[in-house]
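Q: I have a structure here, written as structure tokens, and I will follow up with some questions on it.
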Amino acid sequence: MESENKMVILIVEDDMADQKLVKYALSSCGVRCDIHCCESGEHALDYLINSRSGIPQNPSPDIILLDLNMPGMGGKEFLRQIKANESYCAIPVVILTTSGSETDIEYCYKLNASGYIQKPTSPTEFQETVGKFTKYWSLTSLVTRK
């Protein structure tokens, strides 16, 4: 399968251990994907700008997995900015965070998040949850590539 047929996933997560856990869960679920990571909202915005400029190291993501709690520009502000920007608003964003706050959940859906997943505490459960999500998104959901 050619790399352009892989689902491109952008992980926006400041915790390196969580980045590794998400990458491992994504790679072990059997779905071919091209994974890119950004450790802050600011870096993720730069990534998106570069992806629209055609920089090969920054392919346009098919989906963004977004943590809410990050230093600097947090996930909520990042979500607000990209959903307000015509160039990026169609990219599905799924929140992947420790927060189970009803306020956070409601806020993210009001900003047109495509989904909200609370990170399980057990590594096995985390891997299963990310695997189910990835299989759904790659095999069932209709994603358009630009």
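What follows is calculated from the coordinates using simple rules that are stated; it is not laboratory data. On a predicted model such as this, the values are computed, not experimentally measured, just so you know. Here Cβ is always computed from backbone atoms with ideal geometry, including for glycine, and neighbour counts include all displayed protein chains.
Q: Could you pull out the pairs from 6/76; 76/119; 23/119; 6/132 whose alpha carbons sit more than 21 Å apart here? Let's see the in-between values first.
A: Working: 6/76 28 Å; 76/119 17 Å; 23/119 14 Å; 6/132 17 Å.
Beyond 21 Å: 6/76.
Q: If we count other beta carbons within 10 Å of each Cβ, what is the order of 8, 93, 130, 31, fewest first?
A: On the way: 8 20, 93 26, 130 23, 31 17.
Ordered from fewest to most neighbouring Cβ atoms within 10 Å, 8, 93, 130, 31 come out as 31, 8, 130, 93.
Q: Taking only the alpha-carbon positions of segment 33-92 and ignoring solvent, what does the Debye formula give for the base-10 log of I(q)/I(0) at q = 0.12 Å⁻¹?
A: -0.25
Q: Tell me, what is the FRET efficiency for residue 49 and residue 132 to the nearest 0.05, using R0 = 30 angstrom and their Cβ-Cβ distance as r?
A: Numbers: r = 32 Å, r/R0 = 1.06.
After rounding to 0.05, the efficiency reads 0.40.
Q: Could you pull out the GluC sites (Glu not before Pro) across segment 1-75 that fall in loop regions by DSSP (anything but H, G, I, E, B) with no more than 14 other Cβ atoms inside 10 Å? Let's see the in-between values first.
A: On the way: sites: 2, 4, 13, 39, 42; in loops: 2, 13, 39.
Those that pass, being in a loop and sparsely packed, are 2.
Q: I've got another one for you. Please arrange 128, 106, 86 by how many other C-beta atoms lie within 10 Å of their C-beta, fewest to most. Let's see the in-between values first.
A: Values: 128 14, 106 11, 86 6.
So the ranking, lowest neighbour count to highest, is 86, 106, 128.
Q: With 10 angstrom as the radius, rank 97, 103 by how many other C-beta atoms surround their C-beta, starting from the fewest. Display every interim value, and only then the final one.
A: Working: 97 22, 103 8.
Placing the least packed residue first, the sequence is 103, 97.
Q: Additional query: If the reach is capped at under 17 angstrom between alpha carbons, list the aspartates and glutamates near residue 20, excluding any in the same chain fewer than eight residues apart.
A: Straight-distance partners of residue 20: 34, 39, 67, 125, 128.
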